[in-house]
Amino acid sequence: MSVSKSIDSQEHLDFSNIRDWDIVVAPEAIPAERYAAEEFQRWFGQATGLELPLRSSVEAARHHVYIGPTAAALDPTTMGEEELRMVVESDRIIIAGGRPRGTLYGVYQFLEDFVGVRFLTYDHTHIPEASALKVSASSAGLSLPKSTRRIPCGTHTCNPPLSFRWSYYRENAEHPEFAARLRVNTVTSDERLGGKTGQTLINHSFHWLVPFSQYGAAHPEYYALVDGARDTRTHGGGPQLCVTNPEVIEIAAASAVKYLNDHPDVKNVSVSQADTNAYCRCDSCEELNQREGSPMGSQLTFVN
């Protein structure tokens with residue numbers, strides 16, 4: 001993800017100064033925010049050797065890493081569901097974002113950008129070798145390169161431009177925790193991992209928009225004219241529709257609207273042809289196809 005940065009000064013926060021801090025996540029945090037705090041504790045601890053305690057309230061004597069908008073006194077309703085904010089100051093760190101996934105993705109962004117963690121596979125996470133030496137070396141008075149032990153103070157924000165991300169890869173489906181670390185937002189409904197985006201993968205849909213089992217006997221004219229006859233083959237999600245038939249257009253539109261009404265959390269609906277090349281050759285459909293030089297002429301006209 002592309003992160004915009006607002007550096008407030010030339011100050012840096014040295015990892016060695018964080019040894020006495022704690023991690024604060026509010027009692028009313030949602031599951032993904034509590035999990036985000038656990039992930040921060042786990043991976044930051046492995047990278048730095050610091051075992052920061054996890055708390056649900058602020059102890060005045062400590063400095064804090066705030067995980068989640070309510071812990072940081074931010075209003076989550078003012079942020080997009082994956083928008084994130086990372087604030088680094090000399091006496092506190094804030095990682096917070098919109099709901100449900102912003103804070104969790106913010107933790108992973110922080111770990112990558114500032115700690116050097118890389119989530120490579122479900123069973124191998126790269127932690128820079130130098131990171132394990134940061135605190136112990138600093139405590140021993142050893143000098144490490146500044147880039148390996150300091151975080152620039154400032155505010156760092158990100159609002160992902162792509163709301164649907166699906167790396168169609170078996171490892172993501174079988175290991176949703178790994179998918180979440182990669183910010184793949186399409187493979188699990190687990191609230192702890194931020195759930196799924198309301199967008200769905202596009203797929204063939206003619207077979208349910210205008211079901212042949214419901215309309216085929218009484219209205220064969222709703223289906224593709226192929227070699228002079230109305231197609232009745234249902235393989236590949238077929239038969240294809242006669243996409244210039246006004247009644248087909250109305251029925252398909254009504255089916256799509258009903259689907260969206262019945263699934264209020266869904267943000268898109270698939271209106272797409274069957275998985276065959278048996279598209280309609282009736283005069284109306286063929287006129288559009290010839291004019292556009294492709295069978296997509298009638299299909300796109302139908303979709304529009």
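The values are calculated or read from the model by the stated rules, or taken from the named source; none is laboratory data. Being a predicted model, the structure only gives us computed values, none of them experimental. Note that we place each Cβ from the backbone using ideal geometry, even for glycine, and neighbour counts take in every protein chain shown. Ligands, DNA and RNA are stripped out before the accessible areas are found, and what is left, the full protein with its side chains, is counted by its heavy atoms. Shrake-Rupley method; radii C 1.70, N 1.55, O 1.52, S 1.80 Å.
Observations on the model:
- Whole-number accessible area per residue in Å² for the stretch 173-258, which is evaluated in the context of all protein chains at 1.4 Å: 49
- Taking the Cα centre of the stretch 219-302 as reference, the dipole from Cβ charges on Lys and Arg (+1) and Asp and Glu (-1) amounts to some 160 debye.
- Coil-residue trypsin sites (Lys or Arg not before Pro) of the stretch 213-277, DSSP, other Cβ within 10 Å capped at 14: Lys267
- Euclidean distance of C-alpha centroids, the stretch 98-127 and the stretch 180-238, integer Å: 34
- In the stretch 166-273, chymotrypsin sites (Phe, Trp or Tyr not before Pro) in a DSSP loop with at most 15 other beta-carbon atoms within 10 Å: Tyr168, Tyr169
- Each peptide in 170-176, 273-279 was scored by the mean count of other Cβ atoms within 10 Å over its residues; highest first, the order is 273-279, 170-176.
- Summed side-chain charge close to Glu38 - residues other than Glu38 whose Cβ falls under 12 Å, Lys, Arg +1, Asp, Glu -1: 0
- Listed residue (Pro211, Thr155, Trp166) projecting farthest to the positive dipole end of the stretch 147-212, Cβ model: Thr155
- Compared with the direct C-alpha span, the chain from Asn261 to Arg281 gains 3.9 nm at full extension, assuming 0.36 nm per residue.
- Charges were assigned to the Cβ only: +1 to each Lys and Arg, -1 to each Asp and Glu. The resulting dipole of the stretch 3-106 about its Cα centre is roughly 160 debye.
- Rounded if a/c under 1.5, otherwise prolate or oblate - the stretch 167-212, Cα gyration tensor axes: prolate
- Surface composition of the chain: carbon plus sulfur atoms hold 49% of the accessible area, using a 1.4 angstrom probe and ignoring ligands, DNA and RNA.
- Relative contact order (percent, whole number), the stretch 238-292, Cα cutoff 8 Å, 6+ residue spacing: 51
- Label-point separation in nm, Asn203 to Phe164, each point 7 Å along Cα→Cβ: 1.3
- Whole-number accessible area per residue in Å² for the stretch 41-126, which is evaluated in the context of all protein chains at 1.4 Å: 41
- Computed magnitude of the charge dipole of the chain (debye, nearest 20; Cβ of K, R +1, Cβ of D, E -1): 660
- The local environment of Gly228, defined by Cβ-Cβ distances under 14 Å, has a net charge of -3 under the rule Lys, Arg +1 and Asp, Glu -1.
- Max mean-square fluctuation residue, GNM over the chain, Cα-Cα springs under 10 Å, options Leu54, Leu193, Leu201: Leu201
- Dipole axis of the stretch 236-304 (+1 Lys, Arg; -1 Asp, Glu on Cβ), positive-most option in Val266, Leu300, Asn289: Val266
- Local net charge near Thr186, Cβ-Cβ under 10 Å (Lys/Arg +1, Asp/Glu -1): +2
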